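Novice: Before we start, here is the structure in question, set down as structure tokens.
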Number of protein chains: 2
Amino acid sequence: MSLLVTGSIGIDTIETPFGTWRDVIGGSAVYFAFAASYFTPVRLVGVVGDDCPRPLLNVFDGRDVDTRGLEIRRGSRTFRWHGSYMKDMNEAQTVEVSLNVLAERAAKIPAEFLDSKYVFLANTHPTIQRETLAMLHAPKLAVADTMNLWIQTQRPELEKLLAKIDGLVLNDGEARLLTEKKNLVVAAHDILKMGPKFVVIKKGEHGSLMVSQRDIFVLPAFPAQIVVDPTGAGDSFAGGMMGYLATQGNLSSATLKRALAFGTVVASFTVADFSLTALAAASREQIDDRWQEFKSAMSF
Amino acid sequence: MSLLVTGSIGIDTIETPFGTWRDVIGGSAVYFAFAASYFTPVRLVGVVGDDCPRPLLNVFDGRDVDTRGLEIRRGSRTFRWHGSYMKDMNEAQTVEVSLNVLAERAAKIPAEFLDSKYVFLANTHPTIQRETLAMLHAPKLAVADTMNLWIQTQRPELEKLLAKIDGLVLNDGEARLLTEKKNLVVAAHDILKMGPKFVVIKKGEHGSLMVSQRDIFVLPAFPAQIVVDPTGAGDSFAGGMMGYLATQGNLSSATLKRALAFGTVVASFTVADFSLTALAAASREQIDDRWQEFKSAMSF
């Protein structure tokens, strides 16, 4: 079933010990959509300015991504992010960020997208996330991401969102900030009380944790030998997870677990090179092969 | 088959956000032996001074641990360690350490222990580890632990040891120090070139990684809600792992994986309270139940 994603589309500059790439395509919705498109048709909703070089947006050519929701807004400037992993490959330091068009009104959702059953609200202001969700006719599964900024400054709005969604994806630091609990299992249970049916906590190179009323599921990261650029790993993870879920039509424990494993594996491709380079070079068959490899690296 | 362990026996003082416990039993060989005794008879070799309160050593009463190799040396003082987890529950800060008897000659291995087939050389000077191993008649599986101090100051001696052992267990920081490789999979492969057939890298709350020429195996930690005192987690992990291996008589991929999972589960009991309190309260049945729970929390 088709999957809607709203989130950022940006121009990134990324410094790592392996080099610096300037003005490459990035943004949460871009990584998510690209990753999810290996599994299911994706509907992308986002906005860039008219300064965005057209070739950057060609990244979706030949992919099963419907870009009718990609607005190129005249007179606005594209979101830009400059990050550095020189100090810590597991956590980006923001060198510079310009919200630009992201600080304006949200992108419009095309009428043709309003029947979407699966929706991922990538990180943005929780009010926009909630309003986006409210526009959809009958979503079957709504999952959101969030970040420190909203937890700290938009708590009441975030809580309204949490009451409306089925799943929340966030990283370990954000889960601790949201709940003021250090232990991640305890934090996840606190988040469940706020509304979501399941919580996925991303721990970067240390894997992930999924907690629902019914299950606790823990996954290490794929034991990759090459990590060149971690940018987009979390959004690729969410894309792989949601992409797989959209093909299944159920949320059984087994389905959720397999979905998390697909998210893990897709993210392992993303981090092997800058921007979308390595993920774009992967085939669905390679993803499935690595999923099997991951399964056998963990099962006992 | 019976399993020999040599390593430290000490008196610990441990500060955590949950309180401070003074003068409790600790040491690598103690945690290891206790953990392994759930699986197989254990032969303990270690030395304390005559200052060691007798009740501390009663911890093995009723356990399948042969303490004929426990030497109480007259005129010597017991190893003491005072650690704090106030800053970081995943890494102890040493407040004070007194090697005392550990800085003297090694404990003698009783003649009855020399036929041991399984041996764990818990962390100590690599020369002592190598000499201990050389004394055994025909060990079938020899695994060692090490630490930063020896990697930095006894490199040639450590390399001689590595050439003689089947397995090395160490933590992530130590693996990086030993190989000067940041990526743990790459580091593990470098260590394999130094001699061991398999390397287990412990990542504390982030689980573990096992690498051999044949396999890569990754495990998260057990998703525990209560971590009160992480002291001894690594040694309990090694004890559970080696204890299980000693019952199997083979080193197949499947056996090694199950052994690592037992190590993980046993360690999850250890950290739930100070010193050996929580592990000692666990039954073998509870360990097996949690092993199943862990398996289902990971399998997909």
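Novice: Quick check on region B:43-200: what does the Kirkwood estimate of hydrodynamic radius come out to from the alpha carbon pairs, in Å?
Specialist: 17.3 Å
Novice: Taking a label point 7 Å from Cα toward Cβ, how far is B:T247 from its twins in the other copies, in nm, shortest first?
Specialist: Inter-copy label distances (nm, one decimal, shortest first): 4.0.
Novice: Using only the Cα atoms, work out Rg/Rh for the protein assembly as shown, with Rh taken as the Kirkwood radius, to two decimals.
Specialist: Rg/Rh for the protein assembly as shown comes to 1.03.
Novice: Given H placed 1.01 Å from N in the peptide plane, which residues other than close sequence neighbours of B:A144 have an amide H under 5 Å from its amide H?
Specialist: Under 5 Å from the amide H of B:A144 lie the amide H atoms of B:L121, B:G167, B:L168, B:V169, each far enough along the sequence or on another chain.
Novice: What is the mean number of Cβ atoms from other protein chains located within 10 Å of the Cβ atom of each residue in peptide B:206-219, rounded to a whole number?
Specialist: 4
Novice: Average partner chain C-beta neighbours within 10 Å, per residue of B:292-299?
Specialist: 5
Novice: Right, next: For a quick protection proxy, order the peptides B:66-73, B:263-270, B:164-171, A:14-21 by their average other-Cβ count within 10 Å, most packed first.
Specialist: B:263-270, B:164-171, B:66-73, A:14-21
Novice: Continuing with this model, one more query. Averaging sequence separations of C-alpha pairs under 8 Å and six or more residues apart, then dividing by the length of chain A, give the relative contact order as a whole percent.
Specialist: 17 percent
Novice: Still on this structure, please answer the following. For region B:3-293, evaluate the Debye formula with one uniform point scatterer on each Cα (no solvent term) and list log10 I(q)/I(0) at q = 0.09 Å⁻¹, rounded to two decimals.
Specialist: One equal scatterer on each Cα of region B:3-293 leads to -0.37.
Novice: As a footprinting exposure proxy, order B:E112, A:E205 by other Cβ within 10 Å, with the fewest listed first.
Specialist: B:E112, A:E205
Novice: Taking beta carbons within 10 Å but only from partner chains, what does the mean come to for residues A:249-256?
Specialist: That average works out to 1.
Novice: What is the ratio of the Cα radius of gyration of region A:136-256 to 2.2 N^0.38 Å, with N the residue count, to two decimals?
Specialist: With N residues counted in region A:136-256, Rg over 2.2 N^0.38 Å equals 1.05.
Novice: Find every distance from the label point of B:M1 to the corresponding label point in the other copies (7 Å from Cα along Cα→Cβ) and write them in nm, one decimal, shortest first.
Specialist: Ordered by increasing distance: 5.6 nm.
Novice: Are there trypsin sites (Lys or Arg not before Pro) in region B:183-265 that DSSP puts in a loop and that have at most 13 other Cβ atoms within 10 Å, and which ones?
Specialist: Those that pass, being in a loop and sparsely packed, are B:R214.
Novice: Report the Cα centroid-to-centroid distance between region B:227-283 and region A:114-160 in angstrom, as an integer.
Specialist: That distance is 42 Å.
Bear in mind that the values in this text are calculations on the coordinates, not laboratory data. Predicted, not measured: the structure shown is a model, and the values here were computed from it. Note that each Cβ is placed from the backbone with ideal geometry, even for glycine, and that neighbours are counted across all protein chains shown.
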